[in-house]
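The values are calculated or read from the model by the stated rules, or taken from the named source; none is laboratory data. Because the structure is a prediction, the values reported are computed rather than measured. Please note: Cβ atoms are built from the backbone with ideal geometry, for glycine as well, and neighbour counts cover all protein chains shown.
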């Protein structure tokens, strides 16, 4: 049994949930409430000194960082593949995935937003403006990259799901939460609409998690 330590609204944990669902793996959710600081407890930090989610427990071992976890799962369970077979194609997929996970997401994750609010004194309007600015910066270039690589609006790369889609969907989800304008990104919006018709993405969504608040 795989155990995924995460928070329902964490983009990084969301990525791993999608990968687990796409590969039809048997896994258990272990909620870690970031709002209450549970990631700072010794029981968690002894396995992940960064104090970040997600963390995957597998056969008594603990793994951190979402993309590393996903590639670990990819190597153990290669079907269905999240990386294409060709060397150049894998590099392109990884490049787009890194663009989302390493260039966009770190600027608007929870701890950054809390720092902007608590330490720098930004009000809700300015904090939202920060978020929307960096989302727009990232999605403008990603939309152009999708066109260059020939996306037809179902998936980011080629005719099947890949690591890019796994990273894109949580980032779009966050953008929608912060009322970002997606009218200038028709390919991104089309990929979101298509992926959200698939069971794996719906089962991995924040609202479907055991620690999601009841409406």
Condition (residue is closer than 30 Å to residue 151 by Cα and either surrounded by 15 or more Cβ atoms within 10 Å (Cβ to Cβ) or in contact with a helix residue (DSSP H, G or I) (Cβ under 8 Å, 6 or more places away or on another chain) (or both)) applied to the range 42-50: is it met by at least one residue?
no
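Every residue, every condition in (1) surrounded by fewer than 18 Cβ atoms within 10 Å (Cβ to Cβ); (2) modelled with pLDDT of 95 or more; (3) out of contact with any helix residue (DSSP H, G or I) (no Cβ under 6 Å at 6 or more places or on another chain), yes or no:
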{"residue": "133", "(1), (2), (3)": "yes, no, yes"}
{"residue": "152", "(1), (2), (3)": "yes, yes, yes"}
{"residue": "166", "(1), (2), (3)": "no, yes, no"}
{"residue": "169", "(1), (2), (3)": "no, yes, no"}
Hey, among 167, 180, which residue is closer than 23 Å to residue 75 by Cα and either in contact (Cβ under 8 Å) with a residue 12 or more places away in the chain or part of a loop (DSSP other than H, G, I, E, B) (or both)?
167
Given the conditions (1) out of contact with any helix residue (DSSP H, G or I) (no Cβ under 8 Å at 6 or more places or on another chain); (2) in a strand (DSSP E or B), and given that residue 5 satisfies all but one, which numbered condition is not satisfied?
(1)
For the range 51-72 the number of residues that are in contact with a strand residue (DSSP E or B) (Cβ under 8 Å, 6 or more places away or on another chain) and either in the same structural domain as residue 160 (by TED's automatic domain parsing) or surrounded by 16 or more Cβ atoms within 10 Å (Cβ to Cβ) (or both) is 11
Going by the conditions given, is residue 144 assigned to a helix (DSSP H, G or I), exposed (fewer than 14 other Cβ atoms within 10 Å of the Cβ) and not assigned by TED's automatic domain parsing to the domain that holds residue 52?
yes
Scan the range 185-215 for residues that are in the same structural domain as residue 152 (by TED's automatic domain parsing), part of a loop (DSSP other than H, G, I, E, B) and within 29 Å of residue 35 (Cβ to Cβ) and jot them down.
196
Return a yes/no flag: does the range 111-122 have any residue that is under 30 Å from residue 147 (Cβ atoms) and modelled with pLDDT under 95.
yes
Name the helices (runs of 4 or more DSSP H) wholly within the range 22-110 that hold at least 3 residues that are farther than 27 Å from residue 210 by Cβ and within 18 Å of the chain's Cα centre (by Cα)?
87-98
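In the range 8-21, which residue that is touching a helix residue (DSSP H, G or I) at 6+ places or on another chain (Cβ under 6 Å) and outside any helix (DSSP H, G or I) is modelled with the lowest pLDDT?
9
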